[in-house]
Amino acid sequence: MPAKEPLGPFCQSCSMPLEKPDDFGTDQAGYRENDYCRHCYKGGAFTEPDMTMEQMLDVSVGFMVRQGIMPEASARALLGDVMPRLKRWCASASARPLAAAGSGREIAGDPEC
């Protein structure tokens, strides 16, 4: 049986699928924040406010590899395409390209961001 593909929504910081209530981050009042996961957003603020998109890409790729979701090269290619379009990174990604480590190419942000 093939692996179940996540349908979304996805965290707009790390791209984690938000599948159950515990996956979502919280606002200042402790209510569910629909755009971000519990790892990225808690109490109305990012848990790592100074993290760059490149650092988040590395963290997310590492997680996907450790969990056996996909090999590193595949995870890096996928997230290198997806991450610049996420809400948290959209403004900064459209201002400057993200170089995918080891790929020899640059990944520009979504022009509609």
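The values are calculated or read from the model by the stated rules, or taken from the named source; none is laboratory data. Keep in mind that what you see is a predicted model, and the values were worked out from it rather than measured. Heads up, the Cβs are rebuilt from the backbone with ideal geometry, glycines too, and the neighbour counts pull from every protein chain shown.
Summary table
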quantity	calculated
Filtered residues of segment 24-50 (kept if surrounded by fewer than 16 Cβ atoms within 10 Å (Cβ to Cβ) and hydrophobic (A, V, I, L, M, F, W, C))	29, 45, 46
Count of residues meeting criterion [touching a helix residue (DSSP H, G or I) at 6+ places or on another chain (Cβ under 7 Å) and either in a strand (DSSP E or B) or loosely packed, with under 14 Cβ neighbours inside 10 Å (or both)] in segment 7-23	0
Some residue of segment 94-102 being modelled with pLDDT of 95 or more and buried (at least 16 other Cβ atoms within 10 Å of the Cβ)	no
Top-ranked residue of segment 51-68 - restricted to ones that are closer than 20 Å to residue 20 by Cα and surrounded by 15 or more Cβ atoms within 10 Å (Cβ to Cβ), ranked as nearest to the chain's Cα centre (by Cα)	60
